[in-house]
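Beneath this line is the structure, given in structure tokens, with notes to follow.
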Amino acid sequence: MQYVSDDDGLVFDPATRAALEAFTGAPGDPVLPLLEAAAAVRSAAAAIEHLRSAGTGGRGLSAGGFDLLLRLRTSGDAGLPLGELAQLLGVTPRNVTGLVDTLEREGLVRRVPDPADRRSVRAVATAAGLAWLAEFRAPTRAAMTAVFARLSPAEAAQLRDLCLRLVQGVQGVRNR
């Protein structure tokens, strides 16, 4: 892709802009910058996901599986109830069940009964799961340092804030 800078020095994709202008029917349409921003967020997310996926050492761990394993790492030996994991990850309980099934087959997670609720099950990271995360740490640090090298720490914090505000906006639309 060939990106260029506009008059304000902000990077954009001319091909995406042209396609969106055709879609909206007007180059000056006030929704155009919003559509371009959404397209840029999707492109950035896809590029980072591709990089993350390539770096999983052939294990094929999905982003959801990685996030789940990361959450379990901080939960210690007690693990977390599957329902709580679903809330933390912002997914359905059915999705968490599938993720735990996959990670359990890989030997990275195990299910244990919840001592406080006989009807509930907890997921716990195994020693192999914790080792996998430890091995993944250095390549992740190197990749993210390279990906975000063009941003200052303040810009990275601002990007985080903007992305999470987008998530809040999506949640607001869903809750209508």
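The values are calculated or read from the model by the stated rules, or taken from the named source; none is laboratory data. Note that the structure is a prediction, hence the values are computed from the model and not measured. Methodologically, a virtual Cβ is constructed for each residue, glycine included, from the backbone with ideal geometry; neighbour enumeration extends over all protein chains shown.
Take the stretch 1-55 and flag every residue that is within 21 Å of ARG150 (Cβ to Cβ), surrounded by 11 or more Cβ atoms within 10 Å (Cβ to Cβ) and β-branched (Val, Ile, Thr). Result: THR16, VAL41, ILE48. Scanning the stretch 75-131 for residues that are under 25 Å from LEU164 (Cβ atoms), polar (S, T, N, Q) and more than 19 Å from the chain's Cα centre (by Cα) gives a single hit, SER75. The condition of being touching a residue at least 60 places away in the same chain (Cβ under 8 Å) and either within 21 Å of ARG52 (Cβ to Cβ) or assigned by TED's automatic domain parsing to the domain that holds ASP67 (or both) holds for only one of LEU166, LEU130, LEU162, LEU99, that being LEU166. A single entry from ARG94, ARG110, ARG119, ARG105 fulfils the requirement of being of a type in the set (D, E, K, R), without any contact (Cβ under 8 Å) to a residue 60 or more places away in the chain and either closer than 30 Å to ARG42 by Cα or in the same structural domain as ALA38 (by TED's automatic domain parsing) (or both): ARG94. If you go through the stretch 76-88 and keep only what is crowded, with 17+ Cβ neighbours inside 10 Å and either touching an Asp or Glu at 6+ places or on another chain (Cβ under 7 Å) or more than 25 Å from GLU49 (Cα to Cα) (or both), you end up with GLY79, LEU80, PRO81. Taking every residue in the stretch 18-39 that is assigned by TED's automatic domain parsing to the domain that holds GLN2 and pairing it with any residue that is surrounded by fewer than 12 Cβ atoms within 10 Å (Cβ to Cβ) and outside any helix (DSSP H, G or I), at least 6 positions away or on another chain, the pairs with Cβ-Cβ distances below 6 Å are GLU21/PRO27.
Residues of the stretch 98-120 being within 14 Å of ALA86 (Cβ to Cβ) and either surrounded by 16 or more Cβ atoms within 10 Å (Cβ to Cβ) or polar (S, T, N, Q) (or both), which ones? Scanning the stretch 98-120 gives LEU99, VAL100, SER120.
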